[in-house]
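The next block holds one structure in the form of structure tokens; read it before the comments.
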Amino acid sequence: NQTSGAVTFPTAFYGTPSVGITAQDMQQGDYFTVSSVSRTGFTVTFRNSGGSIVTRTFDYQAVGHGRQIT
């Protein structure tokens, strides 16, 4: 489980992955945006119906091809 903010993948992908979010403890009117998706991570921001940033818990699944070789 993660909370709002930047997420770094344990291992970088070879290409930019698709990211799916499953949010928990959402209140009516809450929504989230996923931004800055890259081979190394992404940012998720949760907001309430008034547009204020709130902290919520979520799980994510990143699906991509390969991994970065260092």
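The values are calculated or read from the model by the stated rules, or taken from the named source; none is laboratory data. Remember, it's a predicted structure, so these values are computed and weren't measured experimentally. Cβ placement follows ideal geometry from the backbone for every residue including glycine, while neighbour counts extend to all protein chains displayed. Surface accessibility is based on the protein's heavy atoms, side chains included, excluding ligands, DNA and RNA. Shrake-Rupley method; radii C 1.70, N 1.55, O 1.52, S 1.80 Å.
Counting 0.36 nm for each residue step from residue 40 to residue 69 and taking away their Cα separation leaves a gain of 9.2 nm.
Could you check how much of the accessible area of the chain is carbon and sulfur, as a whole percent, using a 1.4 Å probe?
The C+S portion of the solvent-accessible surface of the chain is 46 percent.
For residue 12, the shell of other residues with beta-carbons less than 14 Å away shows a net charge of +2, using +1 for Lys and Arg and -1 for Asp and Glu. Considering Cα pairs under 8 angstrom that are at least six residues apart, work out the relative contact order of segment 1-49 and quote it in whole percent. Across segment 1-49, relative contact order equals 47 percent.
Rolling a 1.4 angstrom probe over the protein heavy atoms with all chains in place gives the chain an accessible area of 65 Å² per residue.
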